[in-house]
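Take a look at the structure below.
The values are calculated or read from the model by the stated rules, or taken from the named source; none is laboratory data. Please read these numbers as outputs of a predicted model, since none were measured by experiment. Please note: Cβ atoms are built from the backbone with ideal geometry, for glycine as well, and neighbour counts cover all protein chains shown. Each accessible area value is taken on the protein alone, full model and side chains, heavy atoms only, with ligands, DNA and RNA left out. Shrake-Rupley method; radii C 1.70, N 1.55, O 1.52, S 1.80 Å.
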Amino acid sequence: MSASAASDVTPGPASSWGSRLGRVAAWLEVYSEAAARIARALLMVGVLLCAGTVAVNVFTRYVLGFAISGYDEIASFAFLWVVWMGVSLAVRRGDVTVITFLTDRGPAWWRNGVRVFSGVSLAFLLAYCLVRSTEYATARESLTSISTGLGIPFFYGIASMTLGYYFISLHFLRRVVAGAAELVERGRDALASVGLALCVGALIASAVWGLCAGLLAAGVAPLLALGVVFVSLTLAGNPIIFMLSIVGIIATTGFAGLSFYQSADALSPFRATQYTLGLQGFTELVVVLMFLIVAEVMNASGMSDRLIRFAATLVGHFRGGMAYVCQVTSALVSGISGSAQADAAIMTPLLVPAMEKEGYPKDVAAAVVAGASIKGPIGPISIMFIVYGVIVSGAAGAPISKLLLSGLVAQILLLLFQGATVYVVVRRLGFFQKRPFAGVRVVARSGFAALPVLAIPVIILGGILRGVFTPSESGAAAAVVAIGLALFWYASLAPRDLPRVITLAGIETGIVLLLVGDSAILAGVLQNNGFGQDLSEFLTGITDNKYVFLLVVNVLLLAIGIFVEPLPALYIFAPFLAPIAVQGFGMDPTHFGLIVVFNLVLALIHPPIGLVLFLVSSLAKVSVERLSIMIIPWLLVSLFVLFLVTYLPSDLVLALANLID
């Protein structure tokens, strides 16, 4: 065909529609990028206001002798904007975690059908949230209610959720339209596969609906039926951070004729989330932002490298020494980040290649890092312990200061038993060579270089334990110290890099805290419908023996942790379990808090959907399936330590905490 003849060929309908959708997708990309820039600016302002007002108030209160009136309200409202803008940026960047257990397996028609089921459910969620969050922001209560100190209208805090949902929806819509344009361009075959996927997705939705309807008709607890929805959508690839929103909203409003825990107030899920995140008063959850700023500054400035070098001079000369270095590093870093994901993100890029170079197979090296990372959430700067201290109150609660120290013995036991596991692995591999000890002088020099970094947890814990600082104030002080060390002492972080670091911390805060905020929806529903009493009667009906009770609780939490991320599981179940354990079985409140947190943390490395497994798999370029096999020895050792922590006497498990406290 000649060029002139070809030019006379008019594009077909599919090509025409494809080009139109492509142009729409291009415009949506422009708006999405503009929304991301606005979100980054609002996030930066929010972080500076939230962390800055807390830090400045620490200075004025303890140095100048006066407190800043209303600083807590400014910090609370700013914190809401950090969370929602952080989540919107995470969606824009594709940093939201999804479980690809079903979407990556099976024939193409099945995978596409699962994606349709997941995508349509998410579309319904976002459409519903857009309408209801707008209604919430424009309601009379939002416009007329004000904070008690500075008289700030609640609208300014509630609007963070509304704008966040608009940005999130825009980012997802951009992807949907771009994908639709590609499908249309591919012609009729692609459209036929879309039709088949829609049918398969509808069949999956019908199956889930039928199973839930059957369970409810059989008189099974509505929570179990909601669990079916949660597991189905999680395995189908819905973003983890939105799963609890979907389940919480379905729980209160019903779904396609199914009724779970009906609520006459359609805005109650949105109120529950915002109230938990600090709309009605200052929350110590703000400390999560402070800790994540510290972790990101450490990572970006190379301060974490100094800890690794110090650990290498201590134990790197042992046979297979880099795995021992990983164990020691995890113990040191856990006193600073308080998060298993943060610890894994710090250690994986540095230690997995180092272990490979030494002779470890990559999957073994990745398993070593993943197993070691769980020391963070039971360490002295644990985000999980802080959340537990906030949500479990009254006679069953424990002071946050005591909780932060409660995991020291458990950490030591993990370090010893995981170190023993490294020894067994090294003996089995059998081809590692010992290296000469670096010498006391080198150890001292690397220790001195790392000493300012090791002072950060001392500042945090010292301030809390002496009653000088609240947890959030200690976190703010630590963030200021970390930034000062990075900019001036080590001079390893340029001022121009600070906005990027703070943005990353804000994004991680949004991901973590939205899980907590949305957990409050279901927790509140269960509280209002007598779940605590039902659970108490169930557990006390099984046994009146404390040790059998603890076994049942551990098995229950391990089962929950397979499918539910630790923080939401903690928020939903800990307030119900703690009173039963403390008042019904005479458990020490701090000891029981440690058991619950330790148990749920194991879910992070538990196949098939442990989030640390997915993170390490992505960073180390190891398949999740292979890593799930190689993690088994580390998981079994951790379960054994959980057994010891559960059944050893409280005085022994909490010995170091009691001594320091």
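Rounded if a/c is under 1.5, else prolate if a/b is larger than b/c, else oblate: which is the chain, with a ≥ b ≥ c the root eigenvalues of its Cα gyration tensor? Rounded, since a/c falls under 1.5. Taking amide hydrogens as placed 1.01 Å from N in the peptide plane, the amide H of L258 sits under 5 Å from that of no residue at least 5 positions away in sequence or on another chain. Rolling a 1.4 Å probe over the protein chains gives W110 an accessible area of about 80 Å². Normalised by the number of residues in the range 188-313, the average gap of Cα pairs under 8 Å and 6 or more apart makes the relative contact order 12 percent.
The protection proxy used here, the mean number of other Cβ atoms lying within 10 Å of each residue, ranks peptides 488-498, 20-30 as follows, highest first: 20-30, 488-498. Applying a DSSP loop filter and a limit of 15 other Cβ atoms within 10 Å to the chymotrypsin sites (Phe, Trp or Tyr not before Pro) in the range 393-445 leaves F431, F437. Inter-part distance, the range 518-541 to the range 95-155, computed on C-alpha centroids, equals 24 Å.
Only protein heavy atoms count here; on that basis, with a 1.4 Å probe, I632 has an accessible area of about 80 Å².
Per-residue SASA remark: I459, around 50 Å² accessible (1.4 Å probe; ligands, DNA and RNA not included). Run the numbers on the chain and let me know its relative contact order in percent, using alpha-carbon pairs under 8 Å that are six or more apart. After rounding, I find 18 percent.
These residues, S536, S206, S330, go from largest to smallest accessible area, 1.4 Å probe, as S206, S536, S330. Peptides 610-619, 121-130 ranked from most to least packed, by the mean per-residue count of other Cβ atoms within 10 Å: 610-619, 121-130. Close amide-amide hydrogen proximity is noted between I146 and F154, each under 5 Å apart and 5 or more residues distant or on a separate chain (H modeled in the peptide plane; Pro and chain starts excluded).
Under 11 Å from a label point set 7 Å out along the Cα-to-Cβ vector of V63, no amide N atom of the range 37-52 is found. Solvent-accessible area per residue in the chain equals 40 Å², computed with a 1.4 angstrom probe and all protein chains kept. Atom-type composition of the exposed protein surface of the range 477-528 places 66 percent of the accessible area on carbon and sulfur (1.4 angstrom probe). Spread over its residues, the convex hull of the C-alpha atoms of the range 304-450 is 107 Å³ per residue. Can you send over the carbon and sulfur percentage of the accessible area for the range 116-232, probe radius 1.4 Å, protein chains only? Taking all protein chains in place, the range 116-232 shows 72 percent carbon and sulfur surface.
When only Cα pairs below 8 angstrom with a gap of at least 6 residues are kept, the range 598-661 shows a relative contact order of 26 percent. By the Cα gyration tensor, the range 72-167 has an equivalent ellipsoid whose semi-axes, rounded to whole angstrom, run 36, 15, 8 from largest to smallest. Annotation for C199 and N545: the two label points, set 7 Å from Cα along the Cα-Cβ direction, are 5.7 nm apart.
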